[in-house]
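Structure first, commentary second.
The values are calculated or read from the model by the stated rules, or taken from the named source; none is laboratory data. Note that this is a predicted model, so its numbers are computed, not measured. Every residue, glycine as well, gets a Cβ built from its backbone with ideal geometry; the counts of neighbours run over all protein chains shown. Heads up: the accessible areas ignore ligands, DNA and RNA and are worked out on the full protein's heavy atoms, side chains in. Shrake-Rupley method; radii C 1.70, N 1.55, O 1.52, S 1.80 Å.
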Amino acid sequence: MFLNIDRQNSSSIALIDNDGNRLTYGELAELMHLVGAQVVPRSLIFMLCKNTAGSMAGYLGFVEHDAVPVTLNARIDQELLSDLMSIYKPAYIWTPTEECARFEYEKIYERLGYALLKTGNEIYPLHEQLQLCMTTSGSTGSPKLVRYKRGNLEANARNVAIAFGWTKEERPICDLGMQYTMGLNVINTHLYVGATVLLTTYNLMSSDFWDYIKKERGTNFTGVPFSYDIFYRLHFDRMDLPDLRTLSQGGGKLTDARFRQLAEYAEKTGKRFIPSFGTTETSARMACLPAELSLTKTGSIGMAIPEGELFLIDENGRVLTDPKAEGEMCCRGPNVTMGYAVCREDLQKGDEFGGEYHTGDLARRDEDGCYYVTGRLSRFLKLLSYRVSLDQSERLIQQEFGIECACAGTDLRMNIYITDAKRRAEVLDFIASKTGLYKNLFKVFVVPEIIRNDSGKIRYKEMDAIYAG
């Protein structure tokens, strides 16, 4: 059975959510059969995900019964969802019952606060190895999906469990959304070892979140940089959290100051701080830094997880053999996915990556073989760990308002440049709504002109330097 669910102690608790659901491994295995049996094998299913038992039952059941889920945020913008529906034409939608009003399709099954809707779209051929699809460009509406093949998810779960030393005694706090590659990895890795997964939809800043993790004795937490910014705003380092043993980070680069702060906190309290790095294309984590090195390797993502290999290439694609080198970081291993899709015909394609992925991230390697991400080759930001396409954001704004626009910035904030002062507030509201991210992650600048070079290309760095300081 997928993720070895049937090999665990059937009476051990597998999932707990903050809606009050508690499922044993035996109950989860039975539920996987019940939910999975409702769909036709090799059909495409849009999953509107929440961190709840119902959402999990769909994901596990569909994969087990050889259907192919596409994981999406349950709060996805309706226009963006409609665009994806028209491109990929899924046969089914697995949605929270409160979201059913968004659709006019037949409801054929309901369980644990989720409903299965039959769209009436024909079931079309999918590649025989295709197991899952995830979005890669954040929530800006790009149709681009990452295609996972059979074996990717379980290989990554197995090897991350080895790297982190997870056992069935763990009780991970699953705050990151399961539609997000790192969030799904936390879930998969712990189910694989028979642990008890604590799913939560509570906001990190709410007392409900802290009451929940204390009550359910959460033992480890994986956060993105913004998560830890919130933690320190709440003075979590002064809290009494005796059950919490491991803090892990992914989904973007911590500042060196925050990295050291977490490492020092872990040493002082007898806990572990394990930084990690991954991408959707590598089934989430592909590297992590051993906890014992966190005080001496500030900013490092560590080394490859078991069965994986990291290496650097230069601008000509040549592998850099110098022990201390800087270049584009690449990954080989069973966690590397098949490639991309931008239309439904692409879901019939085979393995285009061939077990090797070039991340587009610049990195350096030190004399001990530890890697440090130093920059990004392509135009994406990671806002709250979500990879957001600057180019796609520009297109959305231009299409909506018919104005000149340039998007740049850092992983801390997107800078949006426009020339029409009357549109400033509207543009801010629009992009926050489209991405589902907080307004304070964006700043709209009204400028005299969009600065371009002689060939008409926007000079993003110059605009940031002049206007964003």
Subject >> Counting DSSP beta bridges with both ends in the chain, the antiparallel % (nearest 5) >> reply: 65 percent
Original post:
So who's got an amide H within less than 5 Å of the one on R376, skipping anything under 5 residues away but keeping other chains? H placed 1.01 Å off N, in plane.
Top reply: L362
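Normalise the Cα radius of gyration of region 255-389 by 2.2 N^0.38 Å (N = residues in it) and let me know the number.
Here the Cα radius of gyration is 1.14 times the empirical estimate.
Students often get this wrong, so check it: of K89/K118; K89/K144; K253/K457; K297/K324, which have C-alpha atoms separated by over 18 Å?
Correct reply: K253/K457.
Going through region 140-193, which GluC sites (Glu not before Pro) have at most 16 other Cβ atoms within 10 Å and a DSSP loop state?
In loop regions of region 140-193 (DSSP not H, G, I, E or B), the sparsely surrounded GluC sites (Glu not before Pro) are E169.
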**OP:** Please list, or write none, the lysines whose alpha carbon is within less than 22 Å of the alpha carbon of K168, excluding same-chain residues fewer than 8 places away.
**Re:** K214, K215, K271
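Please report, as a whole percent, how much of the solvent-accessible surface of the chain comes from carbon and sulfur atoms (probe radius 1.4 Å). Working shown, then result.
Numbers: 8980 of 19120 Å².
Heavy-atom surface of the chain belonging to carbon and sulfur, 1.4 Å probe: 47 percent.
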Original post:
Could you give me the ³J(HN,Hα) list for region 267-273, computed from phi with Karplus coefficients 6.51, -1.76, 1.60 and θ = phi - 60°, whole Hz, x at Gly and Pro?
Top reply: 5, 5, 9, x, 9, 10, 10
**OP:** Taking amide H positions as placed in the peptide plane 1.01 Å from N, state which residues far from K149 in sequence (5 or more) or on other chains have amide H under 5 Å from it.
**Re:** Q131, M338
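Specify, per residue and in Å³, the volume enclosed by the convex hull of the alpha carbon atoms belonging to the chain.
With only Cα atoms used, the chain gives 151 Å³ per residue.
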Subject >> Karplus (6.51, -1.76, 1.60) ³J(HN,Hα), θ = phi - 60°, over region 32-46, in Hz, Gly and Pro reported as x >> reply: 4, 5, 5, 6, x, 5, 7, 10, 7, x, 6, 9, 9, 10, 7
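If r is the Cβ-Cβ distance from E292 to S207 and R0 is 25 Å, what FRET efficiency results, to the nearest 0.05?
0.15
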Subject >> Isotropic mean projected area of the C-alpha convex hull, region 296-363 (nm²) >> reply: 6.1 nm²
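Can you give me the relative contact order of the chain as a percent, contacts being Cα pairs under 8 Å and 6 or more apart?
Relative contact order here is 12 percent.
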Subject >> J(HN,Hα) series, region 106-114, from Karplus relation 6.51 cos²θ - 1.76 cosθ + 1.60, nearest Hz, glycine and proline x >> reply: 6, 8, 10, 6, 8, 6, 6, x, 10
**OP:** May I ask you to compute the full-extension gain from D322 to V40, defined as 0.36 nm times their residue separation minus their alpha-carbon distance, rounded to one decimal in nm?
**Re:** 96.3 nm
Subject >> region 365-469 - Rg and Dmax from Cα coordinates, angstrom >> reply: 15.1, 54
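Looking at region 287-328, which trypsin sites (Lys or Arg not before Pro) are in a loop (DSSP not H, G, I, E or B) and have at most 12 other Cβ atoms within 10 Å?
For trypsin sites (Lys or Arg not before Pro) across region 287-328 that sit outside H, G, I, E and B with at most 12 neighbouring Cβ atoms in 10 Å, the list reads R318, K324.
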Original post:
If you take the beta carbon distance between E426 and E264 as r and set R0 to 51 Å, what does 1/(1 + (r/R0)^6) give as a FRET efficiency, to the nearest 0.05?
Top reply: 0.70
Original post:
Which one of A74, S248, T296 has its Cα pushed farthest toward the positive end of the charge dipole of the chain, where Lys and Arg give +1 and Asp and Glu give -1 at the Cβ?
Top reply: T296
Original post:
Any number yet on Rg/Rh for region 143-301, C-alpha, Kirkwood?
Top reply: 0.94
Subject >> Farthest toward positive dipole pole in the chain [+1 Lys/Arg, -1 Asp/Glu at C-beta], among T419, F2, A14 >> reply: T419
Original post:
Taking H as built 1.01 Å from N, whose amide H comes closer than 5 Å to the amide H of Q38, not counting residues under 5 places away?
Top reply: none
Original post:
Relative to the present Cα-Cα distance, how much length would full extension add between R22 and M85 at 0.36 nm per residue of separation?
Top reply: 19.4 nm
Original post:
Where the eigenvalues come from the Cα gyration tensor of region 224-269, what are the semi-axes √(5λ) of the equivalent ellipsoid, largest first, in whole Å?
Top reply: 17, 12, 11
Subject >> Virtual spin-label span in nm between K107 and E128, 7 Å along Cα→Cβ >> reply: 3.9 nm
